[in-house]
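Encoded as structure tokens, the structure appears first; notes follow it.
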Amino acid sequence: MNSQRYTDREINLHTHSFYCGHGHGHIAEYVQAAASTSLKALGFSEHCPFPDDRYRSTRMAYADRQRYEADVASCQGAGDLKVLLGYECDYHRCYHQYLAETGERVDYLIGAVHYLNRSEEADDPHFSRPLEKRDLPRYADRYCQMLQSGLFLFGAHPDLFTYNYRRWDEETEAISRAILACAVSEGIALEINGYGLQKKVMQTEDGFTHTYPHPRFWALAAEYPDLLVVTSSDAHKPGDVAYGIEETAAIAHENGLRLAAYFVDGRSVTIG
Ligand SMILES: [Zn+2]
Ligand SMILES: [Zn+2]
């Protein structure tokens, strides 16, 4: 096997673009922007559309996915930057086969939980309304189902529930432990997300903190020595392609967490 090893700071696999409707800039502009950063590899992970266009308000139309994939492919192999094609996916068991087929077609998938439905039919992004304590176990269940599906390279922003649940209590600790333990037992890395550093700062018992990455979550992660972590910019505009690279690595270092390396063989990616 002739795989190329990238340190966490040399690669970013969590990148969006204009395709999702709330991102900005074209694929080629991100590739161009990466040239003035420390990145040696850049992966695109547009929010994955579903065949029934579920969650259409926050992602591209299903019909656009071939255009997106061709657009990324056209940037591959042109310069020194390694360019990879992926998707960031919300996981539902009912879409498992579709996501598995998508994962075989592209270079990698990353998993996340952006939607915490009140029912199977009512899809609302969980960061569009305050979460209640009773919502939290469902977030953890959904996140662990995603990790256990075997489809994903890493779990994105596991602490995103803190965006609309603004306190740290016994329930947040319990669901964080459930997610951390699941990631360890599945051997899947969790992501410290740079995009959260651009969002609201809140006052908590710990002083002013970002909602995510949440300091309590990553402090708790230190109790799981086998946990692997990665950092990503989660860029939604070209200038942010390496956003938060120092700050997210500092969160890992301050908490003594194990930053993973990436191994890329052709277009196949693993983390170790
Ligand atoms: Zn997005
Ligand atoms: Zn996300």
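The values are calculated or read from the model by the stated rules, or taken from the named source; none is laboratory data. Since the structure is predicted, the reported quantities are computational estimates derived from the model, not experimental observations. Don't worry about glycine lacking a Cβ; one is built from the backbone with ideal geometry, like all the others, and counts go over all protein chains shown. To get the accessible areas, we keep the full protein, side chains included, count just its heavy atoms, and leave off ligands, DNA and RNA. Shrake-Rupley method; radii C 1.70, N 1.55, O 1.52, S 1.80 Å.
Tabulated values for the structure
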| quantity | calculated |
| --- | --- |
| 5 Å-binned pair-distance histogram of segment 1-147 (Cα, whole percent) | 2, 9, 17, 21, 18, 14, 11, 6, 2, 1 |
| Share, in percent, of DSSP beta bridges within segment 4-271 that are antiparallel, nearest 5 | 35 |
| Fully extended contour minus Cα-Cα distance, from Arg267 to Lys237, at 0.36 nm per residue | 8.4 nm |
| Unpartnered cysteines - no second Cys beta carbon under 4.7 Å - across the chain | Cys20, Cys75, Cys94 |
| Cα centroid separation, segment 194-272 to segment 7-31 (Å) | 17 |
| Rg(Cα)/(2.2 N^0.38 Å) for segment 4-271, N = residue count | 0.94 |
| Rounded accessible area per residue of the chain, 1.4 Å, Å² | 42 |
| The chain, accessible surface, carbon-and-sulfur percent (1.4 angstrom probe) | 49 |
| Under Karplus coefficients 6.51, -1.76 and 1.60, residue-wise ³J(HN,Hα) of segment 261-268 in Hz, glycine/proline x | 9, 10, 10, 10, 10, x, 10, 9 |
| Calculated FRET value between Tyr62 and Glu223, using beta carbons and R₀ = 51 Å, to 0.05 | 0.80 |
| Most mobile of His24, His114, His157 in a GNM of the chain (Cα contacts under 10 Å) | His24 |
| Non-local Lys pairs in segment 4-271, i.e. 8 or more apart or on different chains, that have alpha carbons under 20 Å apart | 5 |
